[in-house]
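This report refers to the structure that appears directly beneath it.
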Amino acid sequence: MSAFDALGISVLAISYDEPDALKDFQDAYDITYTLLSDPDSKVIRDYGILNTLIAEDDHPWFGIPFPGTYVTDSQGTITHKFFENNLVLRVGPEELLRAVDGDALSEYIGNPVSDTTDAEPKVFLKGEHLAVGVLQHLVCQIDVPQGRHLYADPAPQGMIPFTLTLDAQSKLVIRELIRPASEAHTMASTGEIIQVNHGRVELRLPITANGAITSTTVPTMLDLSGEVSWQTCDEDVCDVPRRSRFEFSVPIEGAVVPEFMTKPGNPKVRAMDGMKHFKKMSSRRQS
Amino acid sequence: MTIEIETRGEKTEHGWRDVDGFIGPMQPGFGPRTDPKGVFPTGPDIGEQLPAFSCLDVMGNPFDYAHDAKPTIMLFFRSAVW
């Protein structure tokens, strides 16, 4: 929480759990942000994000939201929101901080960016590890020399756009590549209008590890590999298309799972009595 | 808006693997794994004010949210219990 505190960010987390369940959760994990209880799902309904796919008599599951996160500026205006179809997935702290204050986080894994004027891409993961279910961005960054440009996607015929491709593997969840907004550029020689990027250009690929949410066998390291392709041009000349492979390993942080779903001795077991609250929750919702 | 349920998945020796590779005891499309497929409601839009609301804090006391001149991160999560 220190990074959030340092930036003066108010963090609120709300669920349909009863207050005492959240209090136990808070104590068990030394949570310092504000946990809020919405036991009748009124706030969830008012926000319009009740998971209506779950039948009202399907206890205790009915009442949960489509999980998601809103980020506001200091005027209370929503500037970003993050929702995922899979309720296991959620946005990571790195992206929440970035949403509020740009690249506030300095930690990274992989191939860090150096102060170079060469158009050489760097690939790295923001954060200290990859946490199961938490989406983080694999970043590919390139500094385009002044007077030159990269092609956005789609590139003109015969040229290639700046692209990051991650090799698929079964333990990885890979979402759609996020590209920066491109600029219209008129070629002096032909008058053709093309979409390009200048200066520092970043591609961001949301990824996470899926592991196995009820297993203790989450790997401790995961190898990431893939390819970057790019081509820089100026008004007259284009360099030949280039491709570069990258490969590095990232530590994996396992999922925190309810204790009644884990094996004895699992170091990720919760300190709170989850089964007690689960029974209470189920009983209250059935009455 | 018609919302579809994501039911893709396969049974493995450790449980049901969903479309993203996560393994759990319940079949995708049922109970807590009733996830949407495609477009689904995500509430207030970017550019709107985060709506005020009332709920309870962890001690069971009333909590009223109103904007307080700080950037705010507001998370709606499934449950701390399961």
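Mind checking A:41-54 for the average number of partner chain beta-carbons within 10 Å of each residue's beta-carbon?
The mean count of partner-chain Cβ atoms within 10 Å per residue comes to 5.
In whole Hz, what ³J(HN,Hα) sequence does segment A:56-68 give by Karplus (6.51, -1.76, 1.60; θ = phi - 60°), x for Gly and Pro?
Result, rounded to whole Hz: 5, 9, 8, 8, x, 6, 4, x, 6, x, 6, x, x.
Which is farthest toward the positive dipole end of chain B among B:Ala69, B:Gly21, B:Val39, measuring Cα position about the Cα centre, with Cβ charges +1 (Lys, Arg) and -1 (Asp, Glu)?
So the residue we want is B:Gly21.
Spelling out what I want: for every residue of segment A:5-21, take phi, set θ = phi - 60°, compute 6.51 cos²θ - 1.76 cosθ + 1.60 (Karplus), and round to whole Hz; glycine and proline get x.
4, 4, 8, x, 8, 8, 10, 10, 10, 10, 8, 8, 5, 6, x, 5, 5
What does the average come to when, for each residue of peptide A:29-39, you count the partner chain Cβ atoms lying within 10 Å of its Cβ?
Mean partner-chain Cβ count within 10 Å for A:29-39: 4.
Where in segment A:187-211 does the amide nitrogen come within less than 15 Å of the point 7 Å from the Cα of A:Met159, taken along Cα to Cβ?
The answer is A:187-199.
Subtracting the Cα-Cα distance from 0.36 nm times the residue separation, let me have the gained length for A:Arg243 to A:Glu120 in nm, one decimal.
43.2 nm
Which order do you get for B:His14, A:His59 if you rank them by accessible area with a 1.4 Å probe, largest at the top?
B:His14, A:His59
With a point put 7 Å past each Cα toward its Cβ, work out how far A:Lys42 is from A:Ser170 in nm, to one decimal.
Computed distance between label sites A:Lys42 and A:Ser170 equals 4.8 nm.
Once phi is turned into θ = phi - 60°, what whole-Hz ³J(HN,Hα) does the Karplus curve with 6.51, -1.76 and 1.60 give for every residue of segment A:275-280, x standing for Gly and Pro?
5, 4, 6, 5, 5, 4
Assuming R0 = 56 Å, what is the FRET efficiency of A:Ser2 and A:Gln286, from their Cβ-Cβ distance, to the nearest 0.05?
Plugging the Cβ-Cβ distance into 1/(1 + (r/R0)^6) gives 0.85.
How big is the A/B interface in buried accessible area, both sides summed, 1.4 Å probe, to the nearest 100 Å²?
Interface area, both chains combined: 6100 Å², rounded to the nearest 100.
Filter the cross-link list A:Lys81/A:Lys279; A:Lys81/A:Lys280; A:Lys23/B:Lys70; A:Lys122/A:Lys171 down to pairs whose alpha-carbon distance in this structure exceeds 27 Å.
Long pairs (Cα-Cα over 27 Å): A:Lys81/A:Lys279; A:Lys81/A:Lys280.
Hey, what does the equivalent ellipsoid look like for chain B, semi-axes from the Cα gyration tensor as sqrt of 5 times each eigenvalue, largest first, whole Å?
33, 18, 11
Any idea how far apart A:Met187 and A:Glu56 come out in nm if each label point goes 7 Å out from Cα toward Cβ?
6.2
The values are calculated or read from the model by the stated rules, or taken from the named source; none is laboratory data. Because the structure is predicted, anything quoted here is derived from the model rather than measured. Methodologically, a virtual Cβ is constructed for each residue, glycine included, from the backbone with ideal geometry; neighbour enumeration extends over all protein chains shown. Note: areas computed on protein heavy atoms with side chains; ligands, DNA, RNA excluded. Shrake-Rupley method; radii C 1.70, N 1.55, O 1.52, S 1.80 Å.
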